[in-house]
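A short worksheet on the structure shown next.
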Amino acid sequence: MSTILPTKPNLTADLDQEILVGHAHQSVTPCLPQRADIENLAKLIQSEMKQSPWNNAKHPSGVRQISACIDRGCGSGPNCRALTDAFRRCINGHTMSYYNERNPADFPGLATQVRMRNEQGACGYHSMICGSFLDQLLPNSSLDLVTSNAALHWIDLDHAAVGLPGFAAREDWCLSELADEQWRRFLTVASAELRTGGKLVVSFVAAQSESGSQDHIPLRLIEFGIDKVFGTVRNHWSRPPIPIHLRTSEQISAPFKDADRPVPLRLKRCRVESVNCPYFQAYESHRCATRYADEFTGFLRAFSESSLRHWCELGVEQGYLSPGAFKKIAGVYRHIHTLICSNPEEWRMKKHRAVVVAEQV
């Protein structure tokens, strides 16, 4: 099942890779904000799996079935195996773990992680799948768990037309409309891949209200940085530089309640909870604005830089930007660093996190 997608020519090789700041205390850890979320989600996975009637089940032929799970948007860092490991620990027998990513920048690191797991031998079987979260990547009724953390608030602009005939040709498309349709499609695909009694356990960044997405501090900072470096050029595109949409609990649960187009999953839990930003929590203890700016800017750059590169690539193709535009990306993050450092209190972030559990019936 493992596939490797062809890579594009590196149009950003001349990107200024200078370190933003060079302080001795710098300890940028991009995975830090997700660490607590992943630990909580792993506990929830174990709780749900232990309740499943098919755990330790056999096929009608009497042969024990291999329990399988997929982590969509697992990334390539040290946390990429946490959720599949939580699944494996509560299964009696062999397991098959699939790791799904769509960002080519993550493919090499993820491939290394998967190879290491297979070489360990006693940890079940592991396979990497490259592709969109919106595509069915495995056969019907082949999985016992579909999970994901901190990935489903990203909109797949390469699949903008999926589920919406003629959508790609529209210039007036609404990001929230696209996000709602892609969320519905993700649920439909997950339902097809899950066996009866299988679980969907996912978490992603959300909003408490309709206006919450507009107030999302990381997006605001990135937009300020783009405006400072690129000016009004970004208004030439209908596509946003960072394709993120934060859904409310009502928007998340809507497909499960839609009488006309219900998704074939039973919703067990849907809640949006507030989570403190660990970087600001650390700042309240050490009170060093530069350190806070170092760490927060490093986190912002880790999740957004590949999107900015793609945005610049589109600008070069459409003639709105010169090839040298890629060198300006580092300036976006320097400006963000300056903003955070000059007034740390203004950029205190309280993240809202959605946790969704559903069951295939």
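Bear in mind that the values in this text are calculations on the coordinates, not laboratory data. Computed from a prediction, not measured in an experiment: that's the story for all the values here. No Cβ is skipped: glycine too gets one built from the backbone with ideal geometry, and neighbour counts run over all protein chains shown.
Among the trypsin sites (Lys or Arg not before Pro) found in segment 237-299, those both in a DSSP coil and sparsely packed, with 12 or fewer other Cβ atoms within 10 Å of their Cβ, are R287.
Ordering 216-229, 321-334 by mean Cβ neighbour count within 10 Å, with the highest value first, yields 216-229, 321-334. Among rounded, prolate and oblate, which fits segment 68-151 when a ≥ b ≥ c are the square roots of the eigenvalues of its C-alpha gyration tensor, a/c under 1.5 means rounded, and a/b larger than b/c means prolate? Oblate. Remark: for residue pairs K228/K327; K199/K257; K50/K350; K228/K328, the C-alpha separation exceeds 22 Å in K50/K350. With the highest mean first, a sort of the peptides 143-151, 180-188 on other beta-carbon atoms found within 10 angstrom per residue produces 143-151, 180-188. By the count of other C-beta atoms within 10 Å, a proxy for reagent exposure, M96, M49 are ordered fewest to most as M96, M49. What's log10 of I(q)/I(0) for segment 213-361 at q = 0.13, 0.17 Å⁻¹, Debye sum over Cα points only, no solvent? Reported log10 I(q)/I(0), two decimals: -0.74, -0.98.
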